[in-house]
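Remarks on the structure that follows.
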C-alpha cells in the first residue's frame, strides 16, 4: 500500500511538473496575427492554383467546353493574381518568385509551372530534386 | 498493488485532463482576444505578459499540449497494466474475472480488453489519447490559432471518458478474493473477426473526434476560412477508412458467427456504426465544395457535429441497453453519463453555431446544377435523408414505447423498402458526379461524357432480364453497370489524355495519373468498391435461395444446382470448448462431381454451455456461396438439422470492402508538394494540406 502511494506520488509530481512547466518557463511557439493572415492568404492562393489545375484537367478530358473553360480560367487566374498581389502588398516583395520587375501574370505562370514540375517528379520518372527558383 | 496504482494513474490523468482542457480553452480565448485587439502579435501585448515576456495565451496553450502528452502516457500505463492482468490471469480484478479464463487462448485474452464494458472504455480512452497526441504533434506549429481550442475539445472528450472510468466503470475494481478461474469471454466474441472488428470501429469513431475538434476550434477562434477544412480532410478520411473496414468486418462476423444467413440485419448497433459513416461520407464530399467554392460552411460544421454526436449516440445505444441488440454484451449503468455528455455537446455546439452564423456566409453561389458541386449537393441531401431514415427506424421502438406504452419494432424489410430507393438514387449520383466538371458542364460535354456509360447500362438490361423478372434487381444491376462504366471511362480518358500530352506508355500514363491525382482516382477506386458491395447486396437480396432440412447420415438434399450429402457428425475438444461439426459433401447436382466438403459446427463453451455458438460451413466462390448452419442433431448424430442457403455474389462484398480501404490509402497518400518561397515556408500553413485535384 505504502509503495503504491509512494510510486503514484512520484508519478504525480513528475506529471504535474511536466504539465505546468510551460507556465513558468520560456516557450518556443509564438502566435502572431500577421502570420495567421498570411497563412490564410497563402491557403486561398493554393486553393485557386489547385482550382486552375482541376479546370485544366477537366477540360483536357472533355468535361468542360471550350467557352466555359475560357471564362472560368480567366476568373480563376484573376483571383490567383489578386491574391499574389495582396500577399506582396501586405507582406513584402516577391521573395523567391522571380525579380520584382516580373509582372504578376508572369509570376502566376511561374507558380503554376513550378507546381506542375514538382507534381510530375514521380518515382518512376527519377527523383531529381527540384531546384529553388 | 499494481492495479491500485493503475487506477490512481487514471485519477491523475483525469485531473491533468481537466486542467489541460481549461488551459487550452483559456489560452485560446486569450489569444483570440489579443488578436482582435488591433491584430497585434500577441506576445507584444503588455496586458497579457509575464515578466519574462511570453504571453499567457502561449503559456497556457503550451501547457495544454503537455497535458495531452501526459494524459496519453498515464492512460497508456493503465492500459498496459490491464493487459498484463489479462495475460497473467489476475482474477481478483472483477473485469478480468468476468471477461477471461485460464484456458482462453492468448489471442482472445489480449482482445478481452475490448470484450467488456470497463475495458472497452479504457481502450477507447487510450485510442482517443493517441489520436489527440498525434494531432498535437502534427499541428503544433502549423495551426497555432486553432490548436488551443483543438486541445481543449479533445481533452474535454478525454475528460468525459476518464470520468466514466474513474467513477462508473473502473476496470481495476477488485472483488476481495482471488477466484481460481474466470467466468470466460462471451462466446460470441471468440471469433477472429471479433478481435479486429471492434478495433477498426473504435479507430473510426475515435478518429472522428479530431475533425469535430477542429470544427469547434474554427468556430471558437472565428477562423472559419478554408484552412480548417483543408486540415481535416485527411484526418477525416483516415477514420472514415477505419470505420468502413470496421463495418465490413462486423458484417463478416455476423455472416460467419451469428448464423442467420446474412451479413446485415439493421440491428440497432449495426445502425449505430452506420449512421456516423453516412454523415462522415456526406462531409467528405461537401468539404470539397467548401474548399473549392467557399460555400456550404454551415452545412459542413453541422455535418461534422452530427457525425460526432452520432458516434456518442451509438456508444450510448450500445451501453445503455435502451435498444435490444445482438451487441448487448456490454450494457451497464453508464448510459446516463452518455446522455448528459450528448446533451452538453449538442446544446453547446448549437449555441456556438448560432453565434457564429455571421462568419459562415458563403463566398460564392452554385453556377449550375449540371456541375460537380450540384451533384455533390444532391448526394449530401441523399446521405442526410438516408441517415434520417436509419435514425428514425432505429429509435422508433423507443419512441413508440414512450408514446404508446407498446414497443413496436422496425425490422429489416422496412429499412430495405425505405432506404433502398434512396441508395439507388445515391448510386446514380455516384455515377453522374464524376462525369461533371466544376462550375458548369455544357450540353455537348454532357453528351460526350454520358454516352458510353448510359449505353453500357441500357445494353445490359435485356441480359439482366434473363436472370430475373423482378424489375428492382434489374434496375439495380443496370445502375451498378452505369457507375462502373463511368469509372472505367474516367481511367481510360485520363490515361489517354496523359499519353497524348506526354507520350508515355499506357502503364506509365496510368500510374502517373493515379500518383499525380491520388485523391480523384483513389475516390474512383472507393466508388468501384462501393459498386461491388452494391452488386453483392442485390445478389443476396433478390437471388438468395434457402431450405431447412433434417438429414439422416448418408442422405442428400438439392438446392440451386447443388447436392449436399450429410456424411457424419464429429466432435473435437478444444482448449475451452467442444466443437460439434457436421461433415457435408457438396456436389454438382447435375454431374455429381464433388466440389468440396464443408463443416458447419456448433461450439459449446465450458463456461457457457447454455450459449452455444454457430460457425457456418461455407464454400465461397465469385458466383455464389453455399452457406450451411448446423441447427441441431439427434443422439450421436444419426440425423442432423440444417439451414442451407445459396447466397449469390457475396464474395464481392468483401472484395469491395478491400477496394474501399485501398482507395482511401491512395487518397491519403502524400503527393509531391511544390516548394514554397522562404517567406511562405515560415507561415503557419496546414501541415496536411496536400496538392492534388479535389474529387470524391
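Of all the listed residues (B:154, B:137, B:126), the sole one being in a helix (DSSP H, G or I) and either farther than 19 Å from residue B:229 by Cα or not assigned by TED's automatic domain parsing to the domain that holds residue B:55 (or both) is B:126.
Of the residues that make up the stretch B:536-545, is at least one over 30 Å from residue B:655 (Cβ atoms) and not in a strand (DSSP E or B)? No, that holds for no residue. Within the stretch B:400-451, the set of residues being surrounded by 15 or more Cβ atoms within 10 Å (Cβ to Cβ), more than 11 Å from chain A (Cβ to nearest Cβ) and not in a helix (DSSP H, G or I) comprises B:410 only.
In the set (1) within 20 Å of residue B:29 (Cα to Cα); (2) in contact with a helix residue (DSSP H, G or I) (Cβ under 6 Å, 6 or more places away or on another chain), residue B:140 fails one condition alone, (2).
On the stretch given as the stretch B:1-32, residues that are over 28 Å from residue B:220 (Cβ atoms), assigned to a helix (DSSP H, G or I) and within 9 Å of chain A (Cβ to nearest Cβ) total 6. Given the criteria at pLDDT below 90 and either outside any helix (DSSP H, G or I) or farther than 30 Å from residue B:230 by Cα (or both), does residue B:188 qualify? It is true that residue B:188 is at pLDDT below 90 and either outside any helix (DSSP H, G or I) or farther than 30 Å from residue B:230 by Cα (or both).
The single condition among (1) away from chain A (no Cβ under 11 Å); (2) within 24 Å of residue B:158 (Cα to Cα); (3) at pLDDT below 90 that residue B:46 does not satisfy is (2). When residue B:84 is tested against (1) under 27 Å from residue B:232 (Cβ atoms); (2) in a helix (DSSP H, G or I), exactly one condition is not met: (1). Once the stretch A:75-100 is narrowed to residues that are modelled with pLDDT under 80 and assigned to a helix (DSSP H, G or I), the residue that is nearest to the other protein chains (Cβ to nearest Cβ) is A:91. Of the numbered criteria (1) surrounded by fewer than 23 Cβ atoms within 10 Å (Cβ to Cβ); (2) within 22 Å of residue B:14 (Cβ to Cβ); (3) over 24 Å from the mean Cα position of the chain (by Cα), the one residue B:78 fails is (1). For residue B:379, the requirement of being out of contact with any strand residue (DSSP E or B) (no Cβ under 9 Å at 6 or more places or on another chain) and either over 30 Å from residue B:436 (Cα atoms) or at pLDDT 90 or above (or both) is met. Taking the condition at pLDDT below 95, in contact with a strand residue (DSSP E or B) (Cβ under 7 Å, 6 or more places away or on another chain) and assigned to a helix (DSSP H, G or I), does residue B:291 pass? When the stated conditions are applied, residue B:291 does not pass them. Checked against (1) more than 27 Å from the chain's Cα centre (by Cα); (2) in a loop (DSSP other than H, G, I, E, B), residue B:167 meets all criteria but (2). Considering (1) away from chain A (no Cβ under 14 Å); (2) surrounded by fewer than 22 Cβ atoms within 10 Å (Cβ to Cβ); (3) touching a residue at least 40 places away in the same chain (Cβ under 8 Å), the lone condition that residue B:465 does not fulfil carries the number (3). Counting the residues of the stretch B:566-618 that are assigned to a strand (DSSP E or B) and either under 16 Å from residue B:259 (Cβ atoms) or in contact with a helix residue (DSSP H, G or I) (Cβ under 9 Å, 6 or more places away or on another chain) (or both) gives 17. Given the conditions (1) in contact with a helix residue (DSSP H, G or I) (Cβ under 7 Å, 6 or more places away or on another chain); (2) surrounded by fewer than 18 Cβ atoms within 10 Å (Cβ to Cβ), and given that residue B:380 satisfies all but one, which numbered condition is not satisfied? Residue B:380 satisfies every listed condition except (2). The residue pairs whose first member lies in the stretch B:165-176 and is over 12 Å from residue B:334 (Cβ atoms), whose second member is assigned to a loop (DSSP other than H, G, I, E, B), and whose beta carbons are closer than 6 Å, counting only pairs six or more residues apart or on different chains, are B:174/B:92.
The values are calculated or read from the model by the stated rules, or taken from the named source; none is laboratory data. Treat the numbers as computed from the prediction; the structure is a model and nothing was measured. Positions of Cβ are generated from backbone atoms using ideal geometry, with glycine treated the same way; all protein chains shown enter the neighbour counts.
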